[in-house]
Every structure is written in structure tokens, then in C-alpha cells.
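These notes concern the structure reproduced below.
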There are 2 protein chains.
Amino acid sequence: MSLVVQKFGGSSVADAESIKRVAKRIAEYKKLGHDVVVVVSAMGDTTDELIDLAEQVSPVPPARELDMLLTAGERISMAVLAMAIANLGFRAQSFTGSQAGVITDEAFGKARIIDVTPGRIQQAIAEGNIAIVAGFQGVSQDTKNITTLGRGGSDTTAVALAAALDADVCEIYTDVDGVFTADPRIVPAASRINVISYEEMMEMAASGAKVLMLRCVEYARRYRVPVHVRSSFSQRPGTWVTDAPVPEEFATDPLAPQELEEDTTMEQAIISGVAHDRSEAKVTIVGVPDVPGKAADIFRTVAAEEIDIDMIVQNVSTREQGLTDISFTLPKTDGARALKALEDRKQAIGFGQVQYDDQIGKLSVVGAGMRSHPGVTATLFEALSKAGVNIDMISTSEIRISVVTRADLLDQAVRAAHTAYGLDSEEGEAVVYGGTGR
Amino acid sequence: MSLVVQKFGGSSVADAESIKRVAKRIAEYKKLGHDVVVVVSAMGDTTDELIDLAEQVSPVPPARELDMLLTAGERISMAVLAMAIANLGFRAQSFTGSQAGVITDEAFGKARIIDVTPGRIQQAIAEGNIAIVAGFQGVSQDTKNITTLGRGGSDTTAVALAAALDADVCEIYTDVDGVFTADPRIVPAASRINVISYEEMMEMAASGAKVLMLRCVEYARRYRVPVHVRSSFSQRPGTWVTDAPVPEEFATDPLAPQELEEDTTMEQAIISGVAHDRSEAKVTIVGVPDVPGKAADIFRTVAAEEIDIDMIVQNVSTREQGLTDISFTLPKTDGARALKALEDRKQAIGFGQVQYDDQIGKLSVVGAGMRSHPGVTATLFEALSKAGVNIDMISTSEIRISVVTRADLLDQAVRAAHTAYGLDSEEGEAVVYGGTGR
């Protein structure tokens, strides 16, 4: 018997009608003989409404209490979903994150899953129930306080449960059809990716693709959970995130018409997709004394604020001898804090000044094929040059190239790259790379 | 150091503004140096809204899931209240029923508290917190499922916690000023009772007084918890339910102006109050064979449906020899079920027919002074007779007389009794009883 974990996001359970539709979908899998565990987010805008309520009584609500409050959202959706399933004649029981054994650290609002001990879920399944589990929440290991996992936390709950239960597949139902070669709002010719490796998906997520959060993909990769990202509003197949062959019995939907079946063997595309990110800003420290330890000083100052730095560039200053300029990117939301921390240390470190630029965009090209196909970088630079887009910073990994451009040029940069790598769905064929180097 | 448990009902925490007001009230007690544990109901209409939502997906939602759903209501109010208190500069932590150690049986929707193990609450208090506990909910002893206690359950939570914590007082904040000598909507001259014994309050609650539920008063009596029922919308003292002297340090409110202080010594009123109840119906079984075992048959039939019977009258039938009529009252909501069960057994028991009358009202006069003051019953009958109210059924306890009247005469019956016992506040003096018998 197969076990499937299905996760439904807030837009899939926005109201009573949506919940009934989702219940029917879940019941179809149970009818086929699968064991089913469902992870559910809060209904529609519930979480935002609860945050509003909190802000009405306290400008900075205590984190423990905010987590206690927000977890009410999934408690509602999971119980109502269990009722809707029971109304179709199937047994269903709902469980909070704590009851489902989702053990976390105590970082309220952004807790990390430490362990999953799903004894009650296994018992519920063994008794013939469809188990409904609250996403986004857990209980802290030592103090037994209620915690939330932060943005995208329900996906992580689903993957973590799938790992702990050794599920055959984890289906993530969302409001889009899967992962696309680029954001279709920017690139109309973008197409859905059938299959993508964990590694590529991690790079996509880290580069701004919003369908799956990085932490969730990391978890899936670590425990080799096949993840199927798909729309809860259609029966079409979505995007498989896996390094192994797609499990055949879950390749098609029980509700789907026959003609929707498609080939889901692992493709060997060189470039999987083009991601973009508008959430970062660039900080440039001008006139840093070019002596050992100064760069370390700067990054230690920023790290002390618990700010994640993304790209870093260091140049010999063109202005004065013995001085250098250091640029890095960071989330815009951390910008003000970083600037303050750096200004406070200006005398001690001895740099000239700090410049802040929040009008930047980041474009990333991701593809496992890069490893074996030189020329990928050259293709990007040529395409951007032809499109009149200047490159401000560059960073690369084994399977990714990222560049920083002006924010107002980002959309045309993404379109140019998408076309250059042959990803436009009307063309349908990949370019051939030659030459040496990347 | 004193420990006070305070319970706030849904109307006291209906919105963010009310919650802030309640937070201020709670903080005043903490400022005085008391340890404070707060029990809170769901905000305003939350519970009704959740029930509506459940009914949209399932006509008969599974009881386990309905309890899971409804407990989300207190989770929201308790977390928001804790935030509001924290915003005033006090430490506050919220706890679910389960976290607070409220252990129940597994009768979903009407669970009974079996035990309270408030270790986490004690720890929170010891650490200087105001502990906020979700009312109305607990966790089942064996299966660890979430349960609700049913109507008035938050009051019971408060009294049970007060007992387990050995609190000095349990304050029940509600939207009325306390317990009145009669419902002020019916008897404008009704006045607030300053002090009432547990026994009298139990009779009042069982007779239809809605301020406190019977189960809550039973709990308070068993553990000798002094209960102070009062309004959350004023600083006036309310009604003390206790057999002991009122604890002096809680007799007045820290926010109350001096002139509101009043004498709260135990009064020796003969009659404490007049309660009424419109929720019952009368069933009459006509033509029951007057042989042993037939009455038992009838009540076993009704008991098998788990229906609570209140008053019972058996008369020799005036119609035929060897037959008798049996009448009893029961909650209107159980009427249809009782009738069906009785009709099903009509042949086996061999009675003539069943009559159903839901146009009845019950009036009860409660007072510990009845024991030592004969003539109380005669006063009632005379008053009702003068008011033109016929008595249909009668039942009595040591400290209570109840009569059933026509529903449309109930209001004038209540007014007549209230006046006859000298309870009208403008008269202000009790009548003197004489003669023999009650």
C-alpha cells in the first residue's frame, strides 16, 4: 500500500466551497487504496487577519504569543477539512503540529524542525483514517511551547512528515501549475518544468523562484522525498522535484482525463530555468584600508545583526591607493539595520563611507547541464549585452550563474536570457554550446 | 501573597478595545501584588461563527473535529489578551486547556473535568507571569484528544483552576452586575444579591438562573472556592457565592471609587430569589395501567435516550379505573426524541396516549431560610392565586419550591412571588412568616 502526503495552501482552502472541493480530491486518493496524510495551511487570509488583530493590541506582540495566535488558523482549516471529508463517508482525524509530533527549536516565528515523531499519525492511518495535520506549526523540544515555522512552513511540514512516514510522494498543491522556466508574468513564453533535480530546485528557490521555499527543498533532498508541485485548481500534472524516476502510480491524477497523461521521465535540459529576485539591495563600502582583517571586520559587523549576505565583490579602489571598495547584497528588509551597524563601526574599521542602492535586480540562470556544457556564461553575457543590460555584480555556483542589474532592466534581462537558452516554449529546442570555459 | 483567578466571558473580550480594557483591569490586580491567573472565553461571536463554518461543510460534523475547531476561539482570545497585557509592561503567557492541565473525559462537546494538573501554570506564576488560560476546553485523559466542556464551560474551567491552585478567590466577570433576586427584565424591582450560599446558588442555577451554570457551582461548592460574579463593564461589587466570610482584600475593586464599598457580610434573607425557566415542556402519559413496574418502564425508556427529567407527577386517572396518568417535564430540545421513544414502546407498556405541552413555564423560589420558616409555600400559593395564576405541577427541595404554570402567565407569576416575599427593592423588607407547615 502506498502512502501519499498532500499539502494544500491557504488559497486552496479559502472558503467552505474550496474545502469541499479539496475534500473530494483527497477522498479520490483514499478510494484508490492509498493511505493519505494531508497537511493544510490556514484558510485564505486568516493569518493576515490574526496579525492585524495582534497589532491592534500591541505594536510589537511577544513572539511566543504571536505564534500561539497564528496557529489558531490551521486549527480551524484542519478541523473543517476533516469534517468535509467525514461528510463524504471517509474517516478523518485532524492533528495539531504538536499532536503530529513536529518537534522544533524555540525560534518563535521561524522555528526549525528538529525531529518528527508521528506516532499518532501512524496510529490514525492504521485505524483507517485520513490524517489531517496543521501545517506551519510545531512544539518546542524543551519548553513545549507552540511555535511556527515561518513563511512557506506548511510545505516544510509536509515534506518533513513525508520523510518521517517514508511516504511514496509528497504532493504540494498550490495556486500555480508548478515550477516554470521563468515567471510567466514576465516571460509569456515560459513553460512548466516537468522534472527538476533537488539541487537545481534549491538554486531556483535561493534565486527567487517563489513556488517552493529553500528550506523545504533542502529537507526533501536530505530525505530523498519525491515532491510533486501542482495546482489544486486543475487535474494537470505539475513539476516533479526528484533525482529518481517519478513514481508511476502518482504520475497521473485519479480525477484527470486520460489525455492529460504525459511523459515524466527525467529530462536532461542544460538550463532548467531563469529566476529573478527584486528583494535585495546593494551595500558598497568605499575606501576600506587594504590591510588584512578589514573585510572580516565588516562582515562580522553585519553577521552580528543576523543578516544573511548574498553576493560579495571586492575591487581595488580606483580612487586612492591602499584602499579598496567592498560591495555586497542583502535583503532590502535588513538594509536599515545593516547601515546603522556599519556606521557605528565606521571609526573602528576606518573606511570612507557607505553607499546603499535598493534599485537593483538579480537574475539567475540555473541548470545542472552547466557542469558539462561550457559556454553557458558567455551565452548569458552576450544576450544581456544585446538587450542593453549592464552587469553590476556576478556570482556563480556549480549549476548557477547570477548577475545583478539595474532594477528597471531586470524584466528585459530575464526575457533575453530565457530566449537565449532556447527556453521559449514556441521555439522548443535548446541552443548548443561550444567553445571553452563557461 | 494572594492568588486570584479571573474569568472573562466572550462579551468582555468582544474586540481589540475590550481586550485592552480587560488587560488594564487584570494589570491592576497584579500591581497590588496578587498573583493572577486569567481564564478567557472566545471573543464575542467567534464560537457561533465557527459552528456556522462547520455546518457549511457538514450537516452533522464529527464531535471530535467540532471540538478541535471550537477550541481555536479561545486560542485567539487568550493570545491576544496576553499580548495586550505584555503591552502594559507586565509578563503574560497564554496556555491552552491541555497545557494548563485540564484533564477531561472524552464526551466531546460536554466533557467533564476529571483532574487539573496545573504544573505549567504554577511555574509561569512563579516566574512572574500573569497566566492566561483558555476556558471551555481540555484534553481527554486516555486518548489525548482535545475536548470542550459545553455551555458555561469557561466558568467551570475558572473554578476548577482556582480549586487546583488553591486560589483565594475566583472572579467571574460577565455582562451583568451579578445574581439578582429575579430577572430584572421581568421584575424591574429586582435587586442584586450581595452574598448567596453554594446550596442556594445551585438551586437557582438548576431552576433557570443563567448567570452561573450548575456544574460550575457544584465544583465551587465541593472545593469551597469563593466565587465573585460581577460585571466587567463596571467596578461595582457583584454577588459573592460562598459559605464563608467574603475575603476582605477582594471585597473591593482596585479601580473602584471609595463610595462603592459595601457591606458584604453574609445576609440571612429567608428567600434569596425567584428563578424562572421557559426551556422545559411537559409530557403526560395518559392511561397507564396501575400495576407495579409500569412507571419504571416509562422512565427507563426516557433515560435510555439520555434525557434528564425534571419534575414528575402521578395522579389516579379520573377517566377509567385501574389506570393512572403520569406527567413529567423535560428540556424542550429533547421533546421530539422522548415522544418517539415512548411511542415505540406504547404497545409493550400498554398506555393510552402521550400528550405534549411546550407552553409551560417554571417558577422557583429559593432560600435557605425556608428550612426554619414555615409558611413560605402558603405565601407563594396565595400570591399566585391573587395574581390569577393556576399551578399545574409542584416540586420542592429543602430550600426550593418550584411550580409549573402556563407559559403566558409566567412573567406575572414571577412578579407576584417577588413582591410577596418582600424582595422588591423599593419596599426593602422581608415579610414575616407564621403558621404551620411550609
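The values are calculated or read from the model by the stated rules, or taken from the named source; none is laboratory data. Because the structure is a prediction, the values reported are computed rather than measured. With ideal geometry, Cβ positions are generated from the backbone for all residues, glycine too; neighbour counts draw on all protein chains shown. Ligands, DNA and RNA are stripped out before the accessible areas are found, and what is left, the full protein with its side chains, is counted by its heavy atoms. Shrake-Rupley method; radii C 1.70, N 1.55, O 1.52, S 1.80 Å.
With the label put 7 angstrom out from Cα along the Cα-to-Cβ vector, B:Lys346 ends up 9.6 nm from the copy partners, going from closest to farthest. Each Lys or Arg adds one and each Asp or Glu takes one away; over the other residues whose Cβ falls under 14 Å from the Cβ of B:Glu127, this sums to +3.
Return the single residue from B:Gln321, B:Gln412, B:Gln353 with maximal mean-square fluctuation; model: Gaussian network over chain B, springs between Cα atoms under 10 Å. Taking springs between Cα atoms under 10 Å, the residue moving most is B:Gln321.
When Lys and Arg each count +1 and Asp and Glu each count -1, what net charge do the other residues less than 14 Å away from A:Leu339, Cβ to Cβ, add up to?
Computed value for this residue: 0.
Summing charges over neighbours of B:Arg91, with a neighbour being any other residue whose Cβ is under 14 Å away from its Cβ, gives 0 when K and R count +1 and D and E count -1. The A and B chains share an interface that buries close to 3200 Å² of accessible area, total over both sides, probe 1.4 Å. Summarising the amide proton neighbourhood of A:Glu280: residues at separation of 5 or more, or on other chains, whose placed amide H is nearer than 5 Å comprise A:Lys332.
Summarising the rotation from chain B to chain A, the nearest chain B beta-carbon to the axis and its distance in Å are given as B:Ala72, 2.
Comparing A:Ala126, A:Ala189, A:Ala420 in a Gaussian network model of chain A where C-alpha atoms under 10 Å apart are linked, the largest mean-square fluctuation is found at A:Ala126. Need the per-residue list for segment B:36-73: every residue with at least 30 Å² less accessible surface in the complex of protein chains than in the chain by itself, probe 1.4 Å, sorted by number. Those are B:Leu53, B:Gln56, B:Val57, B:Pro62, B:Arg64, B:Glu65, B:Met68, B:Leu69, B:Ala72, which lose 30 Å² or more relative to the chain on its own. Given axes a ≥ b ≥ c from the Cα gyration tensor, I'd like to know whether chain A is rounded (a/c under 1.5), prolate (a/b larger than b/c) or oblate. Because a/c hits 1.5 or more and a/b fails to exceed b/c, chain A counts as oblate. Relative to the longest principal axis of the Cα atoms of chain B, helix B:63-86 runs at roughly 40 degrees.
Between A:Ser191, A:Ser402, A:Ser18, the Gaussian network model of chain A with springs among Cα atoms under 10 angstrom shows the greatest mean-square fluctuation at A:Ser18.
Looking at segment B:14-160 alone, DSSP beta bridges between its own residues are antiparallel in about 40 percent of cases. Using θ = phi - 60° in the Karplus curve 6.51 cos²θ - 1.76 cosθ + 1.60, the 3J(HN,Hα) couplings for segment B:300-312 round to 5, 4, 6, 5, 4, 8, 6, 9, 7, 9, 9, 8, 9 Hz; x is entered for Gly and Pro. Roughly to the nearest percent, how much of the accessible area of chain A is carbon and sulfur, given a 1.4 Å probe? After summing per-atom areas, the C and S share lands at 48 percent. Taking amide hydrogens as placed 1.01 Å from N in the peptide plane, the amide H of B:Thr174 sits under 5 Å from those of B:Arg230, B:Ser231, B:Ser232, each at least 5 positions away in sequence or on another chain.
Between this copy and the others, label points of A:Gln56 are 1.9 nm apart in ascending order, each placed 7 angstrom from Cα in the Cβ direction. Looking at the protein assembly as shown, the accessible area is 42 square angstrom per residue; that uses a 1.4 Å probe and ignores ligands, DNA and RNA.
Taken one residue at a time, the phi angles of segment B:178-187 give Karplus couplings (6.51, -1.76, 1.60, θ = phi - 60°) of x, 9, 10, 5, 6, 5, x, 5, 9, 10 Hz. Gly and Pro are set to x. The distance between label points at A:Gln321 and A:Arg91 comes to 8.4 nm (points 7 Å beyond Cα on the Cα→Cβ vector). For the segment B:12-21, counting C-beta atoms of other chains within 10 Å of every residue's C-beta and taking the mean gives 2.
Take B:334-342, B:275-283, A:128-136, B:360-368 and order them by the average number of nearby Cβ atoms within 10 Å per residue, most first; the result is A:128-136, B:360-368, B:275-283, B:334-342.
Can you classify segment B:1-128 as rounded, prolate or oblate using the Cα gyration tensor, where a ≥ b ≥ c are the square roots of its eigenvalues, rounded means a/c under 1.5, and otherwise it's prolate if a/b beats b/c and oblate if not? Spell out each step's value before the answer.
Details: a/c = 2.83, a/b = 1.51, b/c = 1.87.
It comes out oblate by the Cα gyration axes.
Grab the beta carbon distance between B:Asp115 and A:Asp105, set R0 = 25 Å, and tell me the FRET efficiency rounded to 0.05. It would help to have the intermediate numbers written out before the result.
On the way: r = 31 Å, r/R0 = 1.25.
The pair B:Asp115/A:Asp105 has a calculated efficiency of 0.20.
Axis of helix B:46-57 versus longest Cα principal axis of chain B: the two differ by about 70°, to the nearest ten degrees. Backbone geometry of segment B:6-22 corresponds, through the Karplus equation with coefficients 6.51, -1.76 and 1.60 at θ = phi - 60°, to 3J(HN,Hα) couplings of 10, 10, 10, x, x, 6, 7, 10, 5, 8, 4, 5, 4, 5, 5, 5, 5 Hz, x marking Gly and Pro. Decide, for segment A:268-438, between rounded, prolate and oblate: order the square roots of the alpha carbon gyration tensor eigenvalues as a ≥ b ≥ c, take rounded if a/c falls under 1.5, and otherwise choose prolate if a/b is larger than b/c, else oblate. Note, shape of segment A:268-438 comes out prolate.
Annotation: amide H-H contacts under 5 Å for A:Gln6 (H modelled 1.01 Å from N, sequence separation of 5 or more, or interchain): A:Val37, A:Val38, A:Val39, A:Glu171. Say a label goes 7 Å from Cα toward Cβ at A:Pro245 in every copy; what distances in nm does this one have to the rest, shortest first? Those separations, rounded to one decimal, come out as 8.7 nm. So how much accessible area does B:Leu81 have, in Å² to the nearest 10, using a 1.4 Å probe? Taking all protein chains as shown, B:Leu81 has close to 0 Å².
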